[in-house]
Amino acid sequence: PYWHYARRYYQSNPPSKAVVPPLAFAFDIDGVLLRGSQAIPAAKRALAILEGANPTGSKIPYILLTNGGGTSEEARCKKLSSILGYKIDERQFVQSHTILKTIVDKYATRPVLVLGGRNDEVRRVAEGYGFERAYTTLDVLAWNPAVWPFHDLTESERQSTKVVDFSQTPIAAAFVFHDPRNWALDIQILCDVFQSGGIIGGPYASGRTVGGSKEQAIGQQHPELVFCNPDLLWKATFERPRLGQGGFRIAFQAVYKAITGSEYPYVQFGKPTEATYEFTKNILHDRFNELYGQLAGRPPHVYMVGDNPESDIAGANAAGWSSVLVHTGVYDPEQGPPAHTPTHQARDVETAVKWAIEREF
Ligand code: G3P
Ligand code: MG
């Protein structure tokens, strides 16, 4: 009744001037707003409240923060707007690899491997960020099918490839943008790159090798390895959580350690890393100022709504935000208390939003 009253009252009695809401939201996507490509029913009701049907009568700022990825921010926002029924602007959106825009200059003209997604969709994202020499593991297989004898390129895969001589193309870094589709192929190629300092199939770099011989690499000594999403599990449409990019990282590192005796050093972005939350704080700050600018006397109290204790709750708590764990995704309350304690638990995102707003008013 209260919410229906508020909606009806403010629609006929809009505030004389914009009331600056004292709070803002960061929403996880998979398991909170979406299951697969379908909106969770509570999501549309939650966004309606933030778009105006609330005690302030004003828009309550929110952004989306996901460990998902694989397409451009523009394409994903267009699709999210269509599914959720509200315009999601790129300035409200942070996905796993968005943060790579801040480090692209270091590799803009150097050959890099980009992993994840179907065919060359991630190459196109990387090129949109400014990576001018982004190559896929399918390019490597097209260059030399003997690299991995257990996969024949499909026609659509072959059409997505570029002609590259990787014996003359030292890889400077490997970026795992999104979830790899062929873990075996990608693990094999990463092992080749990092054992030989960047030249696939080249002499092994210093350090123990399978053959035991220590040879100087002709490529870079230590190409950088960057992962964009640490999720071991995530909630898709299947009843049980699915393996995420964190599973791929663990598999690669286990194989690499079995071959060389140690894991390969890597950089990790994505929730719950501090880098991703600090990057997101700036996005949220800009969004709040875009809506309320000078009116805002003080920064809003931020509420993160997520379904994964390890990424959403841990990251929000460390960022100094309030965190709400919902029961529509990875976390199952039947399994006992969550690994990271949220400020509050709620059955779904609508309940979470109402709790947070009523807490602030
Ligand atoms: O690949 C996406 C998955 O890892 C989790 O996505 O939206 O729950 O952070 P999200
Ligand atoms: Mg999630």
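Sort segment 249-361 into rounded, prolate or oblate with this rule: let a ≥ b ≥ c be the square roots of the eigenvalues of the Cα gyration tensor; rounded if a/c is under 1.5, and if a/c is not under 1.5, prolate when a/b is larger than b/c, oblate otherwise. Here segment 249-361 falls in the oblate category. Under the rule a/c < 1.5 gives rounded, and otherwise a/b versus b/c splits prolate from oblate, where does segment 220-281 land using the Cα gyration tensor? Oblate. When the square roots of the Cα gyration tensor eigenvalues are ordered a ≥ b ≥ c, the ratio a/c for segment 149-202 is 1.5 or more and a/b exceeds b/c, which makes its shape prolate.
Across LEU141, LEU65, LEU115, mean-square fluctuation computed from a Gaussian network of the chain (C-alpha pairs under 10 Å connected) peaks at LEU141. Taking a straight line from the alpha carbon of LYS87, these lysines sit under 19 Å away, with near neighbours fewer than eight places off in the same chain left out: LYS44, LYS59, LYS78, LYS79. When ILE83, ILE99, ILE88 are sorted by how many other C-beta atoms sit within 10 angstrom of their C-beta, beginning with the fewest, the order is ILE83, ILE99, ILE88. Name the residue from GLY198, VAL122, ILE60 whose Cα lies farthest towards the positive end of the charge dipole of the chain, charges +1 on Cβ of Lys and Arg and -1 on Cβ of Asp and Glu. Of the candidates, ILE60 comes out farthest on the positive side. Overall, the chain carries a charge dipole of about 820 debye about its Cα centre when +1 sits on the Cβ of Lys and Arg and -1 on the Cβ of Asp and Glu, all other atoms neutral. Neighbour counts of C-beta atoms inside 10 Å place LEU84, LEU232 in the sequence LEU232, LEU84, starting with the fewest. Taking amide hydrogens as placed 1.01 Å from N in the peptide plane, the amide H of LEU23 sits under 5 Å from those of HIS301, each at least 5 positions away in sequence or on another chain. If r is the Cβ-Cβ distance from GLU239 to ASP105 and R0 is 41 Å, what FRET efficiency results, to the nearest 0.05? Efficiency, from the Cβ-Cβ distance: 0.40. Going from the fewest other Cβ atoms within 10 Å to the most, the residues CYS228, CYS77 appear in the order CYS77, CYS228.
Of all aspartates and glutamates in the structure, the ones whose alpha carbon falls short of 17 Å from that of LYS257, not counting any fewer than 8 places away in one chain, are ASP186, ASP192, GLU224.
The alpha-carbon of LYS106 sits under 26 angstrom from the alpha-carbons of these lysines, leaving out residues fewer than 8 places away in its chain: LYS162, LYS271, LYS281.
The numbers here are math on the coordinates, done by the rules we state, and not lab data. Predicted model, so just to flag it, every value in this text is computed and none were measured. Note: ideal-geometry Cβ built from the backbone for every residue, glycine included; neighbour counts use all protein chains shown.
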